[in-house]
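Report on the following structure.
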Amino acid sequence: MSHTAKPTALKMGIPIPNSKLGLWLFLGTEIMFFTAFIGSYIVLRLGSKGWPTDTHDTHINVFLGGLNTFVLIVSSYLVVVSHEAMAQKNFSKARMYLLGTLILAFVFLGIKSIEYYGKISNDILPGHIAETSSQAIKKASRELEVVVRKRFAAYTSSGAIPTERPNDMVNLVIQIEALPKAATRPENVNEETFKALQVSAPVDVALHSRWMDLHQHIVANVSLKKPATGPEYVAASAKLEPGEKLPELEYSEVTALLTEMKADKTYGTYVTHGVFEPHPVVYGNIFASIYFLMTGFHAIHVIVGMILFAVVLRQGSKLDGKWTDFVENSGLYWHFVDLVWIFLFPMLYII
Amino acid sequence: MSHDAYDGQVAHSDDHAHDTHHVNYLAIFFVLCACTALSVIFDVVHLSKPITIVLVMSVAITKALCVMMFFMHLKFEGNWKFVLLAPTTILAIGLPLALFPDIGASYYTPTAPQVTSWAEEIRNDKDRHAEHAAATGHFEAGQVE
C-alpha cells in the first residue's frame, strides 16, 4: 500500500464567522419585519382619500426628526470607528467610541420622548382622534364628563357625601348642591376637607350644569342657542312644519363654548387640563397608529442596541480581541437601526 | 469548493474587510449629514408633493446605500450577501405588492358607511379646518379630499 497525502477536510458554507452569518440572517428577518410596516403604511396611505400632513394636526416636528437622524448617523460613525479600533487592538479607544454611541442612543431616545410627549399632550393617539366635526363634539363632551366625574369623586371618596352609587351623577349633583348648607359633617371627614368641599361645591355644580347642557344638546342635535330639553324644547319642536328641523348643533358653537369655559375663573383650569382642542383630523387615527407602531418598534431596537453596547462596555479594561466579532455584529445591528430610521424620517416626517 | 478556494475567500472577505479596504468613514459621515440636511431643506422649501417625494426618497436611498456599502462593509463582502439578502428583499417588496389591489387601491369602497356618512361632514370640516388654521396662524390646511 503506497502512502498518499491525507486529503484535507472539505470546508463547506459561507466564509464568514458563524456569529456574523447568524446576525445577517437575523437582519434578513428584520428587513422583512420593518418592510411589512413600511409596506402597510404605503398601501394604507395610498388607499386613504386624505392624510394629515399639517404639522398643527400631527404635531410632527421635522427639526427634531432631522436632529435624531443626525444623532443616529454620528452614532453609526462612532460604531464603525470603534470596530476599526478593535481590529487595531486599540481597545481603550474602541471603548471610548462605544461609550459615545451609547450616550447618543440615550440622546435619541430623549428627543423621541419629547416628540412623544408633544403628541400625548395633544391626544394624538390611536383611537383618540376625532375625524369629523360630530366626533369632535362628542369627544369634547366625553372629556368634559370625565372632568366632572373626577370633581365629583372628591366628594364621594372623602366621605363628605356618603353614597353606595358614586357614579349616579343625577342624584350626586343634588347632594353636592345641598352640601354648602349642610349643618353637620360626617364623622369620618375632617373639618378642613369638609369646608373646602363646601366651598368648591357650587363651582362643581355649575361645571356639571354646563356639561349636562352640552350633553343634552348633543343628544337632541340642537343648536346651543335653542333649548334641548324641557317644555321649551317640546313647544319649539311642536311648532315645526313637517320635514323642518330645529337648527343643528354646530362645531363652531362647541369650540366657542369650550373657549368660554376654559376662560372661566372658577372651573376654567379643570376644563383646560381635561379637555383637548377638539378639531377634527381626517385619517388622524390611522396616522397615529402607524407613527407609534413604526417609531415604537424602532425605539425598542435602539434599546436592544444599547444593551449590546452596555455588555461590551461592562468589560471595562478587560476588553480584548475576543470581543472584536461581537463589536462588529453589534455595529451591523446598529447600522441596520440607523438604516430603518433613514427611511422612517422622510416617510413619517416629510412626505 | 476546494480548500484553497475557501481560504482565498476567507482572506478576501472574512479577515475584517477594513484591513484590506481602507474606507474614509469620516467622508461617508459628512455625505450622510449633508443628505440629512438636504431632506430637511426639501421639506422646508415647500415643493410640490410628487417632487418632494422623489427628492427625499432619492436622498434616503443614497443614505441607505452609503450605510450598507461602507459602514456595513457590504461593498467588500463576498457574493454570499446576494444569496442572503435577495430572498428577503423579494419578500419585502412582495408584501406591499400583494396588499396593493385590496388595500392600496382603496380600503373603503365608495359605498361603505364610513365614506357615505362622513362625506358631507368631511367636506364641511375642510372649510372649518381652513378657518381654524387661518385663525390660529397655521395656513397649511390638511390634505382632505
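Read the figures in this text as sums done on the coordinates, not as results from a lab. Quantities reported herein were computed from a predicted structural model and do not represent experimental measurements. Using ideal geometry, Cβ is built from the backbone for each residue, glycine included, and neighbour counts are taken over all protein chains shown.
Taking beta carbons within 10 Å but only from partner chains, what does the mean come to for residues A:279-287?
Taking all residues of A:279-287 together, the mean is 4.
Need one number: the % of Cα-Cα pairs in chain A sitting beyond the 30 Å mark.
The share of Cα pairs beyond 30 Å in chain A comes to 60 percent.
Along the positive direction of the dipole of the protein assembly as shown (beta-carbon charges: Lys, Arg +1; Asp, Glu -1; about the Cα centre), which of A:Leu313, B:Thr89, A:Val205 reaches farthest?
Ranked along the dipole, the leading option is A:Leu313.
Measure nothing fancy, just the Cα-based angle from helix A:324-344's long axis to the longest principal axis of chain A, in degrees from 0 to 90, nearest 10.
On a 0 to 90 degree scale, this one is about 40.
Let me know the mean shielding of B:63-73 by other chains, meaning the per-residue number of their Cβ atoms within 10 Å of its Cβ.
Average per residue, whole number: 6.
Per residue of A:334-340, count partner chain C-beta atoms within 10 Å of its C-beta, then hand back the mean as an integer.
4
With point charges of +1 on the Cβ of Lys and Arg and -1 on the Cβ of Asp and Glu, referenced to the Cα centre of the protein assembly as shown, which listed residue (B:Val44, A:Ser92, A:Ile103) lies farthest in the positive direction of the dipole?
Most positive-ward Cα: A:Ser92.
Answer with one residue from A:Leu214, A:Tyr251, A:Tyr233: the one whose Cα lies farthest towards the positive end of the charge dipole of the range A:133-273, charges on Cβ with Lys, Arg +1 and Asp, Glu -1.
A:Tyr251
If I model the range A:92-133 as equal point scatterers sitting on the Cα atoms and use the Debye formula, what is log10 I(q)/I(0) at q = 0.25, 0.30 Å⁻¹?
-0.82, -0.94
Any of A:Lys139/A:Lys195; A:Lys112/A:Lys318; A:Lys119/B:Lys63; A:Lys93/B:Lys63; A:Lys139/A:Lys225 with alpha carbons more than 23 Å apart? Name them for me.
Those over the limit are A:Lys139/A:Lys195; A:Lys112/A:Lys318; A:Lys119/B:Lys63; A:Lys93/B:Lys63.
Under unit Cβ charges (Lys, Arg +1; Asp, Glu -1), what dipole magnitude, rounded to 20 debye, does the range A:133-273 have relative to its Cα centre?
160 debye
Mean-square fluctuation check for chain A, GNM, Cα pairs under 10 Å: which of A:Arg210, A:Arg95, A:Arg314 is largest?
Its mean-square fluctuation being the largest, the pick is A:Arg314.
I want to verify the translational diffusion coefficient of the range A:231-312 in µm²/s; compute it with Stokes-Einstein, Rh as the Kirkwood radius over Cα pairs, at 25 °C and 0.890 mPa s.
135 µm²/s
So how do A:Asp213, B:Asp102 line up by other beta-carbon neighbours within 10 Å, fewest first?
Ordered from fewest to most neighbouring Cβ atoms within 10 Å, A:Asp213, B:Asp102 come out as B:Asp102, A:Asp213.
List, largest first, the extents of the alpha carbons of the range A:133-273 along their principal axes, each in whole Å.
Reported extents, whole Å, longest axis first: 59, 30, 23.
Explain nothing, just the number: dipole magnitude of the protein assembly as shown about its Cα centre with +1 on each Lys and Arg Cβ and -1 on each Asp and Glu Cβ, in debye rounded to the nearest 20.
Computed charge dipole of the protein assembly as shown: roughly 980 debye.
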